[in-house]
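A.B. asks: Have a look at this one.
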Amino acid sequence: MKGIDDIPGSPEAPTTSTALITGISGQDGAYLARFLLDKGYTVFGTYRRTSTPNFWRLEELGIRHHPRLKLLVHDLTDPGSCIRILEASNATEVYHLGAQSFVGASFDQPVTTAEITGLGTVHFLEAVRAVNRNIRFYQASSAEMFGRVQAVPQSETTPFYPRSPYAAAKLYAHWMAINYRESYDIFASCGILFNHESPLRGQDFVTRKITDCVAQIALGSTTPLRLGNLNAERDWGYAPEYVAGMWSMLQADEPHTLVFATNKTHSVRSFATWAFLLIGREIEWSGAGAAEVGRCARTGAVLVEVASDYYRPAEVDSLIGDPSKARKTINWQPTTTAQELCRIMLNADLERHRRAARPADPSSILDPLIDQISQLDHASISVPAL
Ligand code: NAP
Ligand code: G4F
């Protein structure tokens, strides 16, 4: 079974290259750092100064104190220091992952989002242009740019229709990366990534919010899971597979724009249903809209309720990507299903809560549960027609 320590691809010929990752404290930054360190890279990672360090992901992956990992303080809204960081690191590959990446927050902080997620990219592109035009640059573009989708599934040729300040900022950054590719011959590649999740996902995002809450319910919590739009559908993949694709894009002969997706879509309701099934709770859904609830089929207890405060002013109803160009161009193919992803994430959250609740108790009630979930065949999770 895949778990938190798995990452596709293993080093064949160790490299002595140097890479710079912006947003190394985030989900993708942490996985990519480990991937590159495994390949022999020296990795410079930028993080923004906060009153309390935020390196829990690097710690969980066991790379926080890796001898080839160097952490540099940098805020994406500070253009001048991009140049200093590029010069100091001497990196030949830049993976620009840093962003205000939470769509919900972008409605409350549209200008900050534009500055970090939009202009922050241009600060780095300008630095590449000034310091060394041979640097290869990866831009973390997003499926959110498709927004109110103009075709199903979405591919590299589908027109964009952003539906949030985040998506609009990403679209600006995306086009600027392409603009620098075409204007200055900079190797700027754009990965249009559909949702990718993992045990390292931030707790604001719906998948991790679900697995974390369900793990707590397994441990005895009686607080229901409160969600927004249960009908939203996403194409969910496994983050370690996606960061491997980022690296492949920068090893190609020429810069590309590629969609990374699984070509399957599922609703938020389905993801929650799977997570509860994994702890032995079948959900019965009733009601509609903000009045919908999910009850335990056995006890009738309310396990899920809808909270309209999680609704967004404009929603992206359904995303499903066509990754065939990525397969043809860089031989990238995802393998983890959304159901398996749910199990990986739930397992990790159960383990975290077990550790937090009973640090040294060998007879934890969760041990048998985790074993049972690990052995479950994900194909055996029957998904109701929703
Ligand atoms: P994430 O976990 O939210 O990580 C974002 C990173 O950016 C964090 O390290 C964060 O630092 C950093 N950051 C935020 N504001 C900053 C600022 N002002 N200065 C410097 N750093 C700042 O996101 P992710 O899931 O790893 O995604 C990586 C990238 O891919 C993002 O650009 C995201 O928009 C994009 N993307 C993600 C997905 C997905 O499904 N995960 C899909 C498509 C595109 P803190 O730790 O201090 O917050
Ligand atoms: O998990 P989400 O917050 O992810 P979203 O908005 O799709 O954005 C993520 O994926 C993008 C790529 O497609 C990235 F660019 C972006 O940075 C981020 O990583 O929400 C998924 C869906 C939405 O439709 C939302 O309305 O779930 C719905 N949802 C329903 N209840 C909820 C909730 N989302 C959150 N975060 N919390 C809820 O309670």
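A.B. asks: Name the single residue that is surrounded by the fewest Cβ atoms within 10 Å (Cβ to Cβ) among those in the stretch 143-161 being within 18 Å of LYS264 (Cβ to Cβ) and small (Gly, Ala, Ser).
C.D. replies: Restricting to residues being within 18 Å of LYS264 (Cβ to Cβ) and small (Gly, Ala, Ser), the top hit is ALA151.
A.B. asks: Does ASP78 fit the bill of being in contact (Cβ under 8 Å) with a residue 24 or more places away in the chain and within 14 Å of ligand 1 (Cβ to nearest atom)?
C.D. replies: Yes: the conditions hold for ASP78.
A.B. asks: Restricting the first residue to the stretch 29-47 and requiring it to be of a type in the set (Lys, Arg), which pairs with a second residue that is in a loop (DSSP other than H, G, I, E, B) and at pLDDT below 95 meet a Cβ separation below 6 Å and a spacing of at least six or different chains?
C.D. replies: Once the first residue is of a type in the set (Lys, Arg) and sits in the stretch 29-47, its partners that are in a loop (DSSP other than H, G, I, E, B) and at pLDDT below 95 give LYS39/PRO11; LYS39/THR15.
A.B. asks: So which helices (runs of 4 or more DSSP H) are wholly in the stretch 87-159 and hold at least 1 residues that are within 15 Å of ligand 1 (Cβ to nearest atom) and under 17 Å from THR46 (Cα atoms)?
C.D. replies: In the stretch 87-159, the matching helices (runs of 4 or more DSSP H) lie at 120-131.
A.B. asks: Give me the residue from the stretch 181-198 that is within 10 Å of the chain's Cα centre (by Cα) and either surrounded by fewer than 22 Cβ atoms within 10 Å (Cβ to Cβ) or farther than 17 Å from TRP247 by Cα (or both) and, out of that set, farthest from ligand 2 (Cβ to nearest atom).
C.D. replies: Going through the stretch 181-198, the residues within 10 Å of the chain's Cα centre (by Cα) turn out to be 193-198.
Right, trim to either surrounded by fewer than 22 Cβ atoms within 10 Å (Cβ to Cβ) or farther than 17 Å from TRP247 by Cα (or both) and you get 195, 197-198.
Values: ASN195: 4, GLU197: 8, SER198: 11 Å.
Checked the stretch 181-198; the qualifying residue farthest from ligand 2 (Cβ to nearest atom) is SER198.
A.B. asks: Say whether the condition of being away from ligand 2 (no atom under 14 Å from the Cβ) and within 19 Å of the chain's Cα centre (by Cα) is met by at least one residue in the stretch 109-118.
C.D. replies: No, that holds for no residue.
A.B. asks: Testing LEU258 on (1) outside any helix (DSSP H, G or I); (2) more than 15 Å from ligand 1 (Cβ to nearest atom); (3) touching a Cys at 6+ places or on another chain (Cβ under 9 Å), one condition comes back false. Which one is that?
C.D. replies: (2)
A.B. asks: If I filter the stretch 172-195 for residues that are of a type in the set (Asp, Glu), modelled with pLDDT of 95 or more and assigned to a helix (DSSP H, G or I), do I get at least one hit? Walk me through how you get there before you give the answer.
C.D. replies: Of all residues in the stretch 172-195, those of a type in the set (Asp, Glu) come to 182, 185.
So of that shortlist, the ones also modelled with pLDDT of 95 or more come out as 182, 185.
Add one more test, that the residue is assigned to a helix (DSSP H, G or I), and what stays is 182.
Yes, some residue in the stretch 172-195 is of a type in the set (Asp, Glu), modelled with pLDDT of 95 or more and assigned to a helix (DSSP H, G or I).
A.B. asks: What are the pairs with Cβ atoms under 8 angstrom where one residue, in the stretch 248-273, is at positive phi and the other, located anywhere, is outside any loop (DSSP other than H, G, I, E, B)? Sequence gap at least six, or different chains.
C.D. replies: Every condition considered, the pairs that remain are ASN263/GLY321.
A.B. asks: Something else now. Does LEU171 satisfy the criteria of being closer than 19 Å to PHE44 by Cβ and in contact (Cβ under 8 Å) with a residue 12 or more places away in the chain?
C.D. replies: No, not satisfied.
The values are calculated or read from the model by the stated rules, or taken from the named source; none is laboratory data. Remember, predicted model here, so these are calculated numbers, not experimental data. Glycine gets a Cβ as well: all are built from the backbone with ideal geometry, and neighbour counts include every protein chain shown.
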